[in-house]
Amino acid sequence: METLLTSAVAGLAAAGAYAILGVCAVFTYRLVAVVNFTGAAIGAAGTFLLIVLTEGGVPLWPAVLIGIAGGTLVGVLLGLILTFLFAGAGASTKAAVTVALLVGLIAIGLRLTGGQHPRVMPDLFPGSAFRLAGVEVTVAAVLTIGLALLFTVLADRFLNGTRMGLHLRALSERPMAAELLGVKVKLLSILVWGATGAFTTLALMIIAPQRSPNFMSLSMLVVPALAAALVGLFRSFWIALAGGILLGVVEGLVSGIDAVSQYRGAIPFLVILAVLLWSQRKARWDEAR
């Protein structure tokens, strides 16, 4: 029992990252109507910029700021592609474009970072924050969950309680009408991509020391991110937050069970499959009748 509790607590750092990435996926979808497969890869780009800078002798915190700026810039560049080249495309086409961009980012990232060999990632927030039921909870776990909660609150308040948030909702739901009413559609879209790039980069910087820090593994965190977003049906920030945290905890629990620990990477796929089947239950029931 104690081993399972330790494993569950160990999953909290990943849980916070999944929650942040999931909330960012919901944020992007609700504001620019794009299912974004590149979120984790954008964060990985900024994270590896940090690694390269620190390996070159740049002090840690200036390198962190430059890395976050780099992730933001990559997000903006991808936003420019989607905004200017595929503005009139449907949701499925835009999603396919982000898949293609993900493949391209991974190919470039692996080429520039030396393949799938793990690199040394500086631990931004080492040490233990407190003990929970006799188990050490790391500072990184507390920070990622806190950052996920902060981004969820900010996104929810911004979207529902500000004039710009109203404009962004109009951008997602009625982009042509919003543009006719004077809303700066393209600028706001690019700001959304930049903001999500910054948050995902910071999240991956925090959890990278606890994972295999190579570009491929960090980029593929998009799978649990989309699983968390799908739990919230790409609509609810709070459900996506809860889904990401629960997913990380369950993954930690499974990693503590020897018989199934090697299959823990399949958990996000099972969640995605379960949610999709559940969402189709009414159509299947009607068809069966």
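Number of residues in the range 104-119 that are open to solvent by less than 60 Å² (accessible area, probe 1.4 Å), assigned to a helix (DSSP H, G or I) and in contact (Cβ under 8 Å) with a residue 60 or more places away in the chain equals 5. Selection of the range 107-151 for residues being under 21 Å from G46 (Cβ atoms) and either touching a His at 6+ places or on another chain (Cβ under 8 Å) or among the polar types (S, T, N, Q) (or both) yields T113, Q116, T144.
Scanning the range 143-159 for residues that are under 19 Å from A129 (Cβ atoms) and surrounded by fewer than 17 Cβ atoms within 10 Å (Cβ to Cβ) yields G146, L150. For V135, are the conditions met, namely being modelled with pLDDT under 65 and surrounded by 14 or more Cβ atoms within 10 Å (Cβ to Cβ)? Here the answer is no, as V135 does not meet what is asked. Of the residues A140, A63, the single one that is over 21 Å from G244 (Cα atoms) and open to solvent by less than 20 Å² (accessible area, probe 1.4 Å) is A63.
The values are calculated or read from the model by the stated rules, or taken from the named source; none is laboratory data. This one's a predicted model, so the numbers in the text were calculated from it and none came from an experiment. Cβ atoms come from the backbone with ideal geometry, glycine included; neighbour counts cover every protein chain shown. In case anyone asks, the SASA skips ligands and DNA or RNA and just uses the protein heavy atoms, side chains included. Shrake-Rupley method; radii C 1.70, N 1.55, O 1.52, S 1.80 Å.
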